[in-house]
1. In Å, what is the Rg of the alpha-carbon atoms in region A:162-255, and how long is Dmax?
2. Calculated from DSSP H runs of 4 or more alone, at -39500 (n - 2.57) each and per residue, what is the 222 nm mean residue ellipticity of chain A, nearest 500?
3. Quick one: 3J(HN,Hα) in Hz for region A:109-122, Karplus 6.51/-1.76/1.60 with θ = phi - 60°, rounded, Gly and Pro as x.
4. Just the accessible area per residue of region A:234-378, please: how many Å² with a 1.4 Å probe?
5. Take chain A, mark every one of the trypsin sites (Lys or Arg not before Pro) that falls in a DSSP loop and has at most 14 other Cβ within 10 Å, then report the longest stretch left between them, sites excluded.
6. Across 5 Å bins from 0, what is the distribution of all Cα-Cα pair distances for region A:17-158, in whole percents?
7. GluC sites (Glu not before Pro) within region A:241-350: which are DSSP loop residues with at most 15 other Cβ atoms inside 10 Å?
8. With an 8 Å cut-off on Cα pairs and a minimum separation of 6 or more residues, tell me the relative contact order of region A:28-143 in percent.
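The values are calculated or read from the model by the stated rules, or taken from the named source; none is laboratory data. Source: prediction; values computed, not measured. Quick reminder, even Gly has a Cβ in these numbers, built from the backbone with ideal geometry, and neighbours come from all protein chains shown. Each accessible area value is taken on the protein alone, full model and side chains, heavy atoms only, with ligands, DNA and RNA left out. Shrake-Rupley method; radii C 1.70, N 1.55, O 1.52, S 1.80 Å.
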Amino acid sequence: MKEWSETTIRKFRQTLLAWYDREGRDLPWRRDHDPYHVWVSEVMLQQTQVNTVIPYYERFMATFPTVTDLAQADEATLLKAWQGLGYYSRARNLQRAAQQIVTDYRGVWPQTAAALAELVGIGPYTSCAIASIAFGQAVPAVDGNAFRVFSRLLLIDADIAKPKTRQLFEEIIQPIVDPDRPGAFNQAIMDLGSSYMTPKNSDPAHSPVKDFDASYQLGKVEDYPVKTKVPRPKRIDYYALIIHSPAGYLLVQRTEREMLTGYWTFPLVTKASLQSAEAADEATLAQDLASLETLFASDYQVPLSLTTVGGRPVSHTYTHQRWQVKLLEANLPTAPALPFYPGKWVSAAEITDLPLPKVQEKIMVRYQQQVDSQAFSGN
DNA sequence: AACCCGTGGAC
DNA sequence: TGTCCAAGGGT
């Protein structure tokens with residue numbers, strides 16, 4: 001690993017910020033340094049690319065112009081605004097923190113990284129980002145870009161996948177942060193990390209800081225950062241129950257104990273839950289259908305006649321799970337009195353008014369394709 | 001420390 | 001199609 005002299009650090013700041021002032025991106029959340037704007041953008045940007053965030057940020061600010069509006073928003077509106085962004089606990093934590101600020105802090109923002117980190121959803125990176133950008137505190141915002149950029153500049157070979165490595169980077173970067181313009185410094189590192197110093201297909205030869213880039217000078221850019229691999233997602237088999245009646249389709253809301261909390265889907269049942277442990281994988285589709293029909297008859301006194309829909313299952317991959325969802329359909333000639341199941345009946349036209357996760361949208365698209373194709377062949 | 005939590009883009 | 005990865009945080 002390399003170490004920089006005071007002189008080198010001063011030259012680096014000057015070079016970096018001159019480039020940032022010239023070439024920095026014009027982004028919606030950079031129009032001012034309002035902590036509410038900085039905060040919302042930083043949370044949206046967690047593990048999410050800039051181009052994805054831009055339209056969400058614009059709509060979010062139109063819907064919730066102030067932290068008070070966000071604190072008072074109803075959950076359905078909030079989740080609908082976040083639909084498609086992923087990591088949905090971010091939205092719920094965002095509102096909880098807004099309520100903390102309005103009530104506990106009487107609308108006055110905490111202005112240091114340490115104080116900001118007390119708020120739910122604001123961790124070591126985001127607290128430093130807000131503190132530096134909105135309040136001018138000279139702290140390094142160490143995100144994936146900072147890991148990558150500084151590991152290359154200084155040949156740091158610590159494994160960035162290990163939690164402990166963050167502290168090392170914070171200590172190394174702290175004296176390099178420009179104390180006069182910490183917010184611009186941190187954002188310049190991010191722009192660098194998304195342009196010349198990207199994970200793949202980087203262009204270090206044209207980087208404004210190529211003279212400071214030890215990995216480039218040694219021809220070892222591809223060796224940095226060092227990051228151990230993550231395990232592959234494990235497969236989980238589901239059945240989606242598309243149950244309809246004159247009252248509409250049966251939808252259920254995800255609980256706090258499940259992922260996708262607060263969003264709506266058709267009832268989803270794991271294949272594993274249907275079997276008597278030993279031969280779960282072996283059970284045939286016919287056996288699973290019988291199990292489901294028995295379950296509804298015994299638990300809910302609702303006789304179902306399930307039929308399969310579509311050929312291949314709907315596939316949807318999360319960070320740690322790969323869902324394979326087989327579609328099953330049942331039509332009830334009359335709508336059973338609720339509650340026979342912890343959900344609600346929704347007309348076809350009103351389903352899309354609900355906050356829906358991507359996997360539910362995929363299921364609905366596949367189902368609609370089947371309905372369309374049967375309309376042609378059947379009549 | 002290890003694991004959980006979404007989605008879309010790039011290749 | 002598979003794989004990696006993107007301005008991480010919570011538990």
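1. Every Cα atom of region A:162-255 included, Rg and Dmax give 23.2, 70 Å.
2. The per-residue figure over chain A is -12500 deg cm²/dmol.
3. Each residue's phi maps through the Karplus curve to give 6, x, 10, 10, 4, 4, 6, 5, 5, 6, 7, 5, x, 10 Hz.
4. Counting only protein heavy atoms, the per-residue value for region A:234-378 is 54 Å².
5. Looking at chain A, A:258-379 is the longest stretch - no exposed trypsin sites (Lys or Arg not before Pro) with at most 14 other Cβ atoms within 10 Å.
6. Over region A:17-158, the share of Cα pairs per 5 Å bin runs 2, 9, 18, 23, 21, 14, 8, 4, 2, 0 percent.
7. On the way: sites: A:Glu256, A:Glu258, A:Glu278, A:Glu282, A:Glu293, A:Glu329, A:Glu350; in loops: A:Glu256, A:Glu258, A:Glu282.
Counting only loop positions with at most 15 other Cβ atoms within 10 Å, the GluC sites (Glu not before Pro) in region A:241-350 are A:Glu256, A:Glu258, A:Glu282.
8. Contact order relative to length: 26 percent.
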